[in-house]
Amino acid sequence: MDDLRGMQNQLIQSAKLAAVGEMTSGIAHELKTPLAGISTILSGVELAKQLHQEIDMDATCSRVNLLVQRCSAIIDHMRNYSRRTEETHSQTQIINQLLKNTLLLVEPQLKRIGGKLELNLGHDLPFVVGNDIQLEQVFINLCNNACDAMEQSEERILTIQSMAVGDEVLVRVSDTGTGMRPEVQERIFESFFTTKSSAKGTGLGMSISQNIVEQHKGKIRFNSELGRGTTFEIYLPVAS
Ligand SMILES: Nc1ncnc2c1ncn2[C@@H]1O[C@H](COP(=O)(O)OP(=O)(O)OP(=O)(O)O)[C@@H](O)[C@H]1O
Ligand SMILES: [Mg+2]
C-alpha cells in the first residue's frame with residue numbers, strides 16, 4: 001500500500017513538473033516585463049541626473065519596489081509549487097487565495113495566446129480543507145487545458161468563478177475553446193488519454209485532477225459543446 005502511495009506521489013510530482021515546464025516560456029516572458037520596466041525607470045533616473053533635473057526618489061523607489069515584488073512573487077510561487085507532494089499537508093484553505101496563486105502561473109500563458117481573463121470570486125467564502133499544492137495543481141491543469149483549447153479560437157476568454165453552494169464551495173473554469181466531441185468527453189479522465197502531440201500532452205492532467213478532487217471528497221463535473229467551449233466545475237466540501 002505504501003509502495004502504491006509512493007508511486008502515486010511520484011506520478012503526481014512528475015506531472016506537476018511537466019506542467020511547470022509547459023508554463024516556463026510564459027513565465028520567463030512575464031518576468032521580463034517587470035524587469036524591462038525597472039530598466040526603463042533607471043534609465044529615466046540616469047537621464048534626469050545628466051540633465052540636472054530633480055528626481056522624486058520616493059516615487060521612483062516605490063515604483064521599482066512594486067516591480068521587484070511582482071517578480072519575486074512569481075518566482076516564490078513557482079518554487080513552492082514544485083515542492084514535493086509529501087512535504088505538503090492538509091490544512092484549512094482559502095479557495096480564492098489558491099485561485100490567485102494559480103493565476104500567477106497561468107496568466108502568462110493566457111497572455112501568450114492573446115486571451116482575456118474574467119475573474120469572478122465570491123466574497124467571504126467558507127474555508128475548505130485540503131492540500132494547497134494539490135488543489136492548485138487541479139486548477140492549473142484546468143486552466144492549461146482551457147488555454148490549449150483556445151489557442152486557435154476567435155474568442156479567447158478564460159472565466160474563473162468561485163461561490164458557495166449549500167455546504168460546498170464551487171470553482172468553475174470556463175473556456176471559449178474547441179469544446180470536445182462525445183468520444184473525447186467519455187475518455188478525458190483516463191490516464192494517458194490525450195488528443196495533443198506527445199510534446200504537449202501526457203494525458204495525465206485530468207486523471208490526476210480527478211484523483212485529487214476525490215481525495216478531497218469533492219466532485220468534478222464538466223459540460224462541453226463542440227466549437228463553443230468547455231466548463232469544468234469543482235465542488236469541495238466546506239470545512240466543518
Ligand atoms: N478545456 C478543454 N477543452 C477541450 N478539450 C479538453 C479540455 N480539457 C481536456 N480536454 C481534452 O481531454 C484530453 C485529456 O486532458 P488531460 O489534461 O488529461 O491531458 P492533456 O492536456 O492532453 O495532457 P497533460 O495535461 O498531461 O499535459 C485532452 O487531450 C483534450 O483532448
Ligand atoms: Mg491537460
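With respect to (1) of a type outside the set (Ser, Thr, Tyr); (2) without any contact (Cβ under 8 Å) to a residue 40 or more places away in the chain; (3) more than 9 Å from ligand 1 (Cβ to nearest atom), the lone exception for Gly227 is condition (2). Glu136 - would you say it is open to solvent by 20 Å² or more (accessible area, probe 1.4 Å) and acidic (Asp, Glu)? No, not satisfied. Against the numbered list (1) at pLDDT 95 or above; (2) touching a strand residue (DSSP E or B) at 6+ places or on another chain (Cβ under 7 Å), Val138 comes up short only at (1).
Determine whether segment 120-127 contains at least one residue that is under 16 Å from the mean Cα position of the chain (by Cα) and free of Cβ contacts under 8 Å to residues at least 60 places away in the same chain.
Looking through segment 120-127, at least one residue is under 16 Å from the mean Cα position of the chain (by Cα) and free of Cβ contacts under 8 Å to residues at least 60 places away in the same chain.
Go through segment 25-61 and count every residue that is within 30 Å of Gly203 (Cβ to Cβ) and either modelled with pLDDT of 90 or more or open to solvent by 60 Å² or more (accessible area, probe 1.4 Å) (or both). Total satisfying the criteria: 2.
Can you confirm whether Leu119 is open to solvent by 40 Å² or more (accessible area, probe 1.4 Å), aliphatic (A, V, I, L, M), more than 17 Å from Ala18 (Cα to Cα) and at pLDDT 90 or above? First the steps, then the outcome.
Values: open to solvent by 40 Å² or more (accessible area, probe 1.4 Å): yes; aliphatic (A, V, I, L, M): yes; more than 17 Å from Ala18 (Cα to Cα): yes; at pLDDT 90 or above: yes.
Yes.
Taking the numbered list (1) touching a strand residue (DSSP E or B) at 6+ places or on another chain (Cβ under 6 Å); (2) closer than 30 Å to Phe127 by Cβ in turn, Phe189 passes all entries but (1).
The values are calculated or read from the model by the stated rules, or taken from the named source; none is laboratory data. In this text, all values refer to a predicted model and were calculated from it rather than measured experimentally. So basically every Cβ, Gly included, is an ideal-geometry build from the backbone, and we count neighbours across all protein chains shown. The protein model used for the area step is the full one, side chains on, heavy atoms only, and it has no ligands, DNA or RNA in it. Shrake-Rupley method; radii C 1.70, N 1.55, O 1.52, S 1.80 Å.
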